[in-house]
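**Student:** Quick one: the structure is below, questions incoming.
Any read-out appearing in this document is the output of simple, stated calculations on the displayed coordinates, not a laboratory observation. Please read these numbers as outputs of a predicted model, since none were measured by experiment. Counting neighbours? That spans all protein chains shown, and the Cβs are built from the backbone with ideal geometry, glycine included.
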Amino acid sequence: MNTTLIDKTQILKRYKPIDNYTHKGIQGHALLIGGSYGKIGAICLSAKAALKAGCGLVTAFIPACGYDILQIAIPEVMVLTDVKEKFISNISYDIEPKAIGIGPGIGQDDATKYAFDQFLKSNKVPLVIDADALNILSQNKSRLSFLKPKTILTPHPKELERLIGKWNSEEEKFDKTIAFSQQYDLIVVMKGAPTHIINGAIVYKNSTGNAALATAGSGDVLTGIITSLLAQSYNSEEAAIVGVYLHGLTADIALPQTGYQSFIASDIIENIGKAYLTLENRSKYQ
């Protein structure tokens, strides 16, 4: 298996600096779909991360119970609500996002599963799938046929196992993930230490990040970052590679101040700006 190491040199080949004359209307509009009763925080993390990663506009689609929470927690984010109070039952919107991230906190209510199926059948927008949306996907593999080519999946090890089956070695895990990616023409962000990005037979190994990222909500933030980059006109492979790199770099930057134990997902979001600055040679964080 040939693996390309993703370091700063590789990222600079893909990084798209902000145009001095840009405005929010052309800086991308991301839609984050998720949340359920008790898990609205997940979609809050994703939506805020999408903004901090540079998206001009971010909308969150959530169950009604999260409306006040999200509007108060992140006033910069626009909010659409489902007709149901505690879970998503019908994914319907009249906006035109450039990219969509679905799954953080979404739960597995039967109505949510049905809504997810209907969404996949109709969606034409570049997509990131995470968390319980991955688990719903794995419960009926026929759903995979609905996915657009180069849809990005971001599984942690247990979610990956549900998608591809068990493995007995690291070599077998990679072989099965590569075969899965090739069969369905998907990009798989195999979260771990380190994280790998698999696009068919092409495997990328990320060079940033540390054990501080093993914290609740870290994956929700990654979904927001990658969705934001997709909305900003990165292609799917670029968005996955740059998103994973920036996500890991925030933990490397923050570690001297937070240590491993007290680093939380919100610290990822707070350090995205510093991570970007390292790409622009305007920061001491090199």
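**Student:** Kindly evaluate THR250 against the criterion of being under 19 Å from ALA131 (Cβ atoms) and hydroxyl-bearing (Ser, Thr, Tyr). Reasoning before the result, please.
**Tutor:** Values: under 19 Å from ALA131 (Cβ atoms): no; hydroxyl-bearing (Ser, Thr, Tyr): yes.
Against the criterion (under 19 Å from ALA131 (Cβ atoms) and hydroxyl-bearing (Ser, Thr, Tyr)), THR250 does not qualify.
**Student:** For the range 97-129, give me the residue count where each residue is touching a strand residue (DSSP E or B) at 6+ places or on another chain (Cβ under 7 Å) and charged (D, E, K, R).
**Tutor:** Summing the residues that are touching a strand residue (DSSP E or B) at 6+ places or on another chain (Cβ under 7 Å) and charged (D, E, K, R) in the range 97-129 gives 1.
**Student:** From the list LEU255, LEU277, pick out the single residue that is out of contact with any helix residue (DSSP H, G or I) (no Cβ under 9 Å at 6 or more places or on another chain) and surrounded by fewer than 22 Cβ atoms within 10 Å (Cβ to Cβ).
**Tutor:** Details: LEU255 fails: out of contact with any helix residue (DSSP H, G or I) (no Cβ under 9 Å at 6 or more places or on another chain).
Checking each option against the conditions leaves just LEU277.
**Student:** On to the next question. Do we find a residue being farther than 30 Å from THR177 by Cα and either crowded, with 20+ Cβ neighbours inside 10 Å or of a type in the set (Gly, Ala, Ser) (or both) anywhere in the range 4-24?
**Tutor:** Keep residues of the range 4-24 that are farther than 30 Å from THR177 by Cα, which gives 17-24.
Cutting the leftovers down to either crowded, with 20+ Cβ neighbours inside 10 Å or of a type in the set (Gly, Ala, Ser) (or both) gives us none.
Looking for residues that are farther than 30 Å from THR177 by Cα and either crowded, with 20+ Cβ neighbours inside 10 Å or of a type in the set (Gly, Ala, Ser) (or both), one finds none in the range 4-24, hence no.
**Student:** Here's another thing I want to ask about it. Could you go through the range 221-240 and let me know if any residue there is of a type in the set (Phe, Trp, Tyr) and over 21 Å from GLY56 (Cβ atoms). Outline the logic, then answer.
**Tutor:** Keep residues of the range 221-240 that are of a type in the set (Phe, Trp, Tyr), which gives 234.
With the extra rule that they be over 21 Å from GLY56 (Cβ atoms), the set shrinks to none.
Looking through the range 221-240, none of the residues is of a type in the set (Phe, Trp, Tyr) and over 21 Å from GLY56 (Cβ atoms).
**Student:** Another one. Residues in the range 34-49: is at least one of a type outside the set (S, T, N, Q), more than 19 Å from ILE136 (Cα to Cα) and in contact with a His (Cβ under 9 Å, 6 or more places away or on another chain)?
**Tutor:** Yes, because at least one residue in the range 34-49 is of a type outside the set (S, T, N, Q), more than 19 Å from ILE136 (Cα to Cα) and in contact with a His (Cβ under 9 Å, 6 or more places away or on another chain).
**Student:** Now for a different question. So how many residues does the range 29-67 have that are out of contact with any strand residue (DSSP E or B) (no Cβ under 7 Å at 6 or more places or on another chain) and either in a strand (DSSP E or B) or on the phi > 0 side of the Ramachandran plot (or both)?
**Tutor:** So the count comes out to 2.
**Student:** In this structure, does ALA193 turn out to be more than 18 Å from GLU161 (Cα to Cα), touching a helix residue (DSSP H, G or I) at 6+ places or on another chain (Cβ under 8 Å) and not aromatic (Phe, Trp, Tyr)? Can you show your working first?
**Tutor:** Working: more than 18 Å from GLU161 (Cα to Cα): no; touching a helix residue (DSSP H, G or I) at 6+ places or on another chain (Cβ under 8 Å): yes; not aromatic (Phe, Trp, Tyr): yes.
Against the criterion (more than 18 Å from GLU161 (Cα to Cα), touching a helix residue (DSSP H, G or I) at 6+ places or on another chain (Cβ under 8 Å) and not aromatic (Phe, Trp, Tyr)), ALA193 does not qualify.
**Student:** Additional query: Going through the range 2-16 one residue at a time, which ones are touching a Phe, Trp or Tyr at 6+ places or on another chain (Cβ under 6 Å) and among the hydrophobic types (A, V, I, L, M, F, W, C)? Break it down stepwise before answering.
**Tutor:** Initial filter on the range 2-16 (touching a Phe, Trp or Tyr at 6+ places or on another chain (Cβ under 6 Å)): 4, 6, 11.
Within the range 2-16, ILE6, ILE11 meet the criteria.
**Student:** Of all residues in the range 210-238, which are assigned to a loop (DSSP other than H, G, I, E, B), among the small types (Gly, Ala, Ser) and in contact (Cβ under 8 Å) with a residue 24 or more places away in the chain? Let's see the steps before the verdict.
**Tutor:** Let us first name the residues in the range 210-238 that are assigned to a loop (DSSP other than H, G, I, E, B), namely 210, 214-217, 232-235.
Next, only the ones that are among the small types (Gly, Ala, Ser) stay: 214, 216-217, 233.
Within the range 210-238, ALA216, GLY217, SER233 qualify.
**Student:** Now a separate question. So which residues in the range 57-85 are closer than 25 Å to SER218 by Cβ and in contact (Cβ under 8 Å) with a residue 40 or more places away in the chain?
**Tutor:** Restricting attention to the range 57-85, the residues satisfying the condition of being closer than 25 Å to SER218 by Cβ are 57-63, 65-66, 69-79.
VAL58, the sole residue that qualifies.
**Student:** Within the range 133-161, can you find the residues that are surrounded by 13 or more Cβ atoms within 10 Å (Cβ to Cβ), more than 17 Å from the chain's Cα centre (by Cα) and over 17 Å from ILE198 (Cα atoms)? Spell out the reasoning first.
**Tutor:** Of the residues in the range 133-161, the ones surrounded by 13 or more Cβ atoms within 10 Å (Cβ to Cβ) are 133-138, 143-144, 146-148, 150-156, 159-161.
With more than 17 Å from the chain's Cα centre (by Cα) added as a condition, the list becomes 138, 143-144, 146, 161.
If the condition is that a residue be surrounded by 13 or more Cβ atoms within 10 Å (Cβ to Cβ), more than 17 Å from the chain's Cα centre (by Cα) and over 17 Å from ILE198 (Cα atoms), then SER138, ARG143, PHE146 are the ones that fit.
**Student:** Determine if the range 77-86 includes at least one residue that is closer than 19 Å to ALA231 by Cα, touching a Gly at 6+ places or on another chain (Cβ under 9 Å) and part of a loop (DSSP other than H, G, I, E, B).
**Tutor:** Going through the range 77-86, the residues closer than 19 Å to ALA231 by Cα turn out to be 77-80.
Checking the rest, the ones that are also touching a Gly at 6+ places or on another chain (Cβ under 9 Å) come to 79.
If we keep only those that are part of a loop (DSSP other than H, G, I, E, B) as well, we get none.
Scanning the range 77-86 turns up no residue that is closer than 19 Å to ALA231 by Cα, touching a Gly at 6+ places or on another chain (Cβ under 9 Å) and part of a loop (DSSP other than H, G, I, E, B).
**Student:** Let me ask something else. Taking the options LEU163, LEU134, name whichever one is in contact with a Ser or Thr (Cβ under 7 Å, 6 or more places away or on another chain), under 25 Å from ILE225 (Cα atoms) and either part of a helix (DSSP H, G or I) or hydroxyl-bearing (Ser, Thr, Tyr) (or both). Quick ask: steps written out before the conclusion?
**Tutor:** Details: LEU134 fails: in contact with a Ser or Thr (Cβ under 7 Å, 6 or more places away or on another chain).
None of the other options fit; the residue is LEU163.
**Student:** Mind checking which residues of the range 206-224 are of a type in the set (A, V, I, L, M) and surrounded by fewer than 23 Cβ atoms within 10 Å (Cβ to Cβ)?
**Tutor:** Our first condition is that a residue be of a type in the set (A, V, I, L, M); within the range 206-224, this holds for 211-214, 216, 221-222.
Of everything in the range 206-224, those that are of a type in the set (A, V, I, L, M) and surrounded by fewer than 23 Cβ atoms within 10 Å (Cβ to Cβ) turn out to be ALA211, ALA212, ALA214, ALA216.
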